[in-house]
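Notes for the one structure printed next.
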Amino acid sequence: MSERMSVAVVVCAASHEREGLLRACVRSLLDGERAPDEILVVVDQNPALEASVACWLPASVRLLRSEAGGISSSRNAGVAAAGSDVVAFVDDDAIAEPDWLVRLMQPFEASSEVLGAGGEVVPEWDGSRRWLPDELLWVVGCTYAGHRDDAGPIRNPIGCNMAFRRPELAAAGGFSTKFGKRGHTLNTCDETEVGLRLERAYGPGRIRFVPAARVWHRIPATRIGWRKLVARCASEGLSKARLRQSYGEVALGAEREYAWRLVTRAVPRLVARGAVRREPRSVLGAGAILLSLAVTGAAYAGATARARLGMAR
């Protein structure tokens, strides 16, 4: 018989522009089939936003301040303040489905071996998605074509929809502030890094994908553009190079398989569809995939070469 565990949900916020979305996010958590034992909203270095949120936030929700800056520091502030068995994270621009927390907690309550879990992140387009193919939905923080789609082990969850056992996450040091979004810096992959660190400490197969634990992630039209794609892929390449330096080949196993599928399956399929159906969007999608691979690979190679030169001096 499974044991019911307590769970805290941390929502990190930094921008006035997303305050309305934050309000909807908190409401979706409060209205869910399973209400969190704790909800913590962490505001990242924005006193004006903090004051505004304090005016409408329900008394049952705790408002915290992150002084260090960056998503990793904000998440760590939530972990430090929480007292529940499990701490879950959802982005401020996401809406949790009513049964989200029920589904997300099932692996933890079914087995003490499970240390982390993540669910599906579905895009909610605020406008046209234009040429962005399903294979590149990771660029906007959503579950992409090629990601595992059935329940089972994963290396790491997507940051918009994830949970970890709080004692083990805290003992491992929380999220690394060397990774994760921080202002305009090209830092990502904080959830990948913490997944690899937990795997190193406790062994593989301890983080699970729960496809039924679903959140909807609002994607504004401003996040879809060629410059945005290049910047996101550059940050991915730089961060993956740093992960490779710290964790070796295990850090890139999923990426190599994914890239191979893109080149051998996704690109030919999109090109063929574009030619047969005369769909410019499909051809542009194939071009976006090739561009993403080129930029990510170049950034990775450049960062790796610089690191080797530094070690040689």
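The values are calculated or read from the model by the stated rules, or taken from the named source; none is laboratory data. Because the structure is a prediction, the values reported are computed rather than measured. Every residue, glycine as well, gets a Cβ built from its backbone with ideal geometry; the counts of neighbours run over all protein chains shown. SASA here: full protein model, heavy atoms, side chains in, ligands and nucleic acids out. Shrake-Rupley method; radii C 1.70, N 1.55, O 1.52, S 1.80 Å.
Worth a mention:
- With every protein chain in place, segment 224-263: carbon and sulfur % of accessible area (1.4 Å): 60 percent
- Averaged over its residues, segment 146-241 has an accessible area of 43 Å² per residue, based on protein heavy atoms and a 1.4 Å probe.
- Which labelled figure in (1) 55, 48, 45; (2) 69, 48, 37; (3) 87, 69, 55 is Cα extents along the principal axes in Å, once derived from the coordinates: (1)
- When peptides 146-156, 193-203 are sorted by average Cβ neighbour count within 10 Å, with the highest value leading, the order is 193-203, 146-156.
- Toward the positive end of the charge dipole of the chain, with +1 on the Cβ of Lys and Arg and -1 on the Cβ of Asp and Glu, the farthest Cα among Ala81, Ile207, Met311 is that of Met311.
- Per residue solvent-accessible surface (Å²) - segment 104-144, probe of 1.4 Å: 34 Å²
- Sparsely packed loop sites in segment 1-77 (the trypsin sites (Lys or Arg not before Pro) outside DSSP H, G, I, E and B with at most 11 other Cβ atoms within 10 Å) comprise Arg4.
- Of the solvent-accessible surface of segment 1-84, computed with a 1.4 Å probe over protein heavy atoms with every protein chain present, carbon and sulfur atoms account for 49 percent.
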